[in-house]
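The values are calculated or read from the model by the stated rules, or taken from the named source; none is laboratory data. The model shown is predicted, which means the values in this text are computed figures rather than measured ones. Reconstructed Cβ throughout: ideal geometry from the backbone, glycine too, with neighbour counts over all protein chains shown. These area figures cover heavy atoms from the full protein model, side chains too; ligands, DNA and RNA do not enter into them. Shrake-Rupley method; radii C 1.70, N 1.55, O 1.52, S 1.80 Å.
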Amino acid sequence: MTTAVIIVAAGRGSRMGGEVAKQWQMLGGKPVLAHTLAAFDGLPVVLVIHPDDRARAEGLGVRLVEGGPSRDASVLAGLQALEGAGVTHVLIHDGARPLVSRGLIDRLVAALDSHAGAAPALPVTDALWRGDGRLVSGTQDRSGLYRAQTPQAFRFAPILAAHRAHKGSAADDVEVARAAGLDVAIVEGEETNLKLTFPGDFARAEAILRGQSMDVRLGNGYDVHAFCDGDHVWLCGVKVPHGRGLLGHSDADVGMHALTDAIYGALAMGDIGRHFPPSDPQWKGAASHIFLAHAIQLAGAQGYRLGNCDVTLVCERPKIGPHAGAMQAELARIMEVEVDRVSVKATTSERLGFTGREEGIAAIATATLVRT
Ligand code: MG
């Protein structure tokens, strides 16, 4: 079985506006057709173009065929270009539907095992009216009605014969197939497989692409510092009066260290010790905001921003609750994010273990990083 693809891109897209036809306009940094072609990566493609577009099409690296005066004629030109090449199945697709998924393509090809044709469609769910643009003149029963999409998939020989025999225009290849008596299965389409028709459709497609390229990373961090003599501790950037201090190479801000490690962890880029080696005397007594700012800047350099973070301090004393708001505000200030993305909370360990015996403070932190 050899499946080929015909992408029809010869139209001029008069409803879209703009200097170039819609299939050549930019979407998410590249031409619409580059997205469309990427969706069929690995399959042999014939791209049917308008003769005026040959120069811009040559860079796409696929076989080009010049279309005819109508959509039908363009599809027939594509089919004839594939004739004799051993193609058994063909997908015929509108160039202006750049977001078709691989899953839909695979379902269509699979449906050809039992049908001469298969095409994606979605049931009409909105009420349907007739009208003259000003007033409603009637209603239309929507039961049994579908919104048709492409790619439309066919066994090759029957659809070529159907196009050759078809006289007059057709809305799509399903109409041509049915006129020749071929059965066409309905395969569930996709809302995201939209056809770029009006300028607003580009904004929708861009939003869908951003959603598809979203990358969310999760990291955790854990830290412990022992108590020592002193009269205050630094926790999440806030100086908290206490009968003990915390022992550490830096300011021993256990909460900020856990959070910093969570961010490095989300980036899969090690931990504080890797970026600020304790063996290096310049970090002795360093304020921990240097570490946290470094981690968040590293995230930014990789294209990530903080989605949210959550720090839990584990200690019997000092009481964290009265300071939690100030800690959230300080962490948010250092990371340059909204304060509602930052959580600081505390728990005791029910007097169990080293935190329960008040030998030290532990902290755990989770951070999500988001790239869009
Ligand atoms: Mg530490």
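Odds and ends about this structure:
- Within region 215-371: Cβ-based charge dipole about Cα centre, in debye rounded to nearest 20 (Lys, Arg +1; Asp, Glu -1): 140 debye
- Taking 16 Å as the cut-off, the amide N atoms of region 21-37 that come nearer than this to a point 7 Å along the Cα-to-beta-carbon line of THR372 belong to 28-29.
- For region 228-244, Karplus couplings with θ = phi - 60° (6.51, -1.76, 1.60), whole Hz, Gly/Pro x: 9, 4, x, 10, 7, 10, 9, 10, 6, x, 10, 7, 10, x, 7, x, 10
- Ranking ALA299, SER213, ILE320 by Cα position along the charge dipole of the chain, where only Lys, Arg, Asp and Glu carry charges on their C-beta atoms, puts SER213 farthest toward the positive end.
- Under-5 Å amide H pairs with LEU194, H placed in peptide plane, nonlocal only: LEU99
- The 3J(HN,Hα) values that the Karplus relation (6.51, -1.76, 1.60; θ = phi - 60°) gives for region 251-258 are, in residue order, 7, 6, 6, 4, x, 5, 5, 4 Hz. Gly and Pro appear as x.
- The trypsin sites (Lys or Arg not before Pro) of region 200-286 that meet both conditions, a loop assignment by DSSP and at most 14 other Cβ atoms within 10 Å of the site Cβ, are LYS284.
- With Cα atoms, 0 to 90° folded angle of helix 102-111 axis to the chain main axis: 40 degrees
- Prolate/oblate/rounded call for region 213-372, Cα gyration tensor, a/c under 1.5 rounded: prolate
- Distance from region 315-353 to region 227-264 (C-alpha centre basis), Å: 12 Å
- Per DSSP, loop trypsin sites (Lys or Arg not before Pro) in region 69-157 with at most 11 further Cβ within 10 Å: ARG134
- Heavy-atom surface of region 3-212, accessible at 1.4 Å and reported per residue (Å²): 48 Å²
- Each of GLY200, ALA21, MET256 was placed along the dipole of the chain (beta-carbon charges, centred on the mean Cα), and the one lying farthest toward the positive end is ALA21.
- Apolar share of the accessible surface for region 215-371: 53 percent from carbon plus sulfur atoms, 1.4 Å probe.
- Accessible area of region 111-158 belonging to carbon and sulfur atoms, whole % at 1.4 Å probe: 52 percent
- Magnitude of the charge dipole, region 5-150, Cβ model with Lys/Arg +1 and Asp/Glu -1, debye to 20: 380 debye
- Rounded to the nearest 500, the helix-only mean residue ellipticity at 222 nm of the chain stands at -9000 deg cm²/dmol, with each DSSP H run of n ≥ 4 adding -39,500 (n - 2.57).
- Computed label-point distance, nm, for sites ARG12 and SER349 using a 7 Å Cα→Cβ extension: 7.6 nm
- Label-to-label distance, nm, for residues given as ALA148 and ILE290 (7 Å Cα→Cβ offset): 6.9 nm
- Cβ-Cβ distance of LYS319 and ARG164, R₀ of 51 Å, FRET efficiency by 1/(1 + (r/R0)^6): the value works out to about 0.05.
- Probing with 1.4 Å while keeping every protein chain in the model, the per residue accessible area of region 224-372 equals 46 Å².
- Rounded tilt (10° steps) of 199-212 against the dominant C-alpha axis of the chain: 50 degrees
- Karplus-derived 3J(HN,Hα), 6.51/-1.76/1.60, for each residue of region 78-94, Hz, glycine and proline x: x, 4, 5, 5, 8, 4, x, 9, x, 6, 9, 9, 9, 10, 10, 9, 6
- Dipole magnitude for the chain: computed about the Cα centre from +1 point charges on Lys and Arg Cβ and -1 point charges on Asp and Glu Cβ, it is near 680 debye.
- Only Cα sites of region 290-353 enter the Debye sum here, all with the same form factor; the resulting log10 I(q)/I(0) across q = 0.13, 0.27, 0.29 1/Å is -0.42, -1.12, -1.21, listed in q order.
- Cα-based shape type of region 3-212, given that a ≥ b ≥ c are square roots of the gyration tensor eigenvalues and the cut on a/c is 1.5: rounded
- Once the C-beta distance of ASP52 and ALA127 is scaled by a Förster radius of 45 Å, the resulting FRET efficiency is 0.60 to the nearest 0.05.
- VAL124 long-range amide H proximity, modeled H, under 5 Å: LEU145, TYR146, ARG147
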